């Protein structure tokens, strides 16, 4: 689940380490952990609905400057917190860092 701080940055301590949360910078947490944080810190954190989800048509600019589009098959968060979209492109697929994608409007 995507969670962000509401008014000011906060530091959350979990058994696996600390996470600094800031307004406007959602953090993807496991659902159980996110629900517990929402329960323990009402008014300090909030859930963000993802704007890009499975089935969304997205686009991104490749290293060579060309723009690529594809349909999201899976969203994955790795152990560093980076969000990846696994995307169908024609008959192939790609893994794209979500910070480089945008949703194609109307899709």
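What to note about this one:
Here's the yes/no breakdown for (1) touching a strand residue (DSSP E or B) at 6+ places or on another chain (Cβ under 8 Å); (2) part of a loop (DSSP other than H, G, I, E, B); (3) more than 19 Å from residue 103 (Cα to Cα); (4) modelled with pLDDT under 90:
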site: 39; (1), (2), (3), (4): no, no, yes, no
site: 50; (1), (2), (3), (4): yes, yes, no, yes
site: 53; (1), (2), (3), (4): yes, yes, no, yes
site: 60; (1), (2), (3), (4): yes, no, no, no
site: 64; (1), (2), (3), (4): no, yes, yes, no
site: 70; (1), (2), (3), (4): yes, no, no, no
site: 74; (1), (2), (3), (4): yes, no, no, no
site: 81; (1), (2), (3), (4): yes, yes, yes, yes
site: 85; (1), (2), (3), (4): yes, no, no, no
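- Looking across the stretch 87-101, the residues that are within 30 Å of residue 19 (Cα to Cα) and either surrounded by 14 or more Cβ atoms within 10 Å (Cβ to Cβ) or at pLDDT 90 or above (or both) come down to 87, 94, 95, 96, 97, 98, 101.
- Residue check for residue 78: under 12 Å from the mean Cα position of the chain (by Cα), outside the structural domain of residue 21 (by TED's automatic domain parsing) and loosely packed, with under 12 Cβ neighbours inside 10 Å: yes
- Subset of the stretch 1-29 (residues that are surrounded by 11 or more Cβ atoms within 10 Å (Cβ to Cβ) and part of a loop (DSSP other than H, G, I, E, B)): 1, 6, 23, 26, 29
The values are calculated or read from the model by the stated rules, or taken from the named source; none is laboratory data. Since the model is a prediction, treat every value here as computed from it, not as a measurement. Cβ sites come from the backbone with ideal geometry, for glycine too, and all protein chains shown count toward neighbours.
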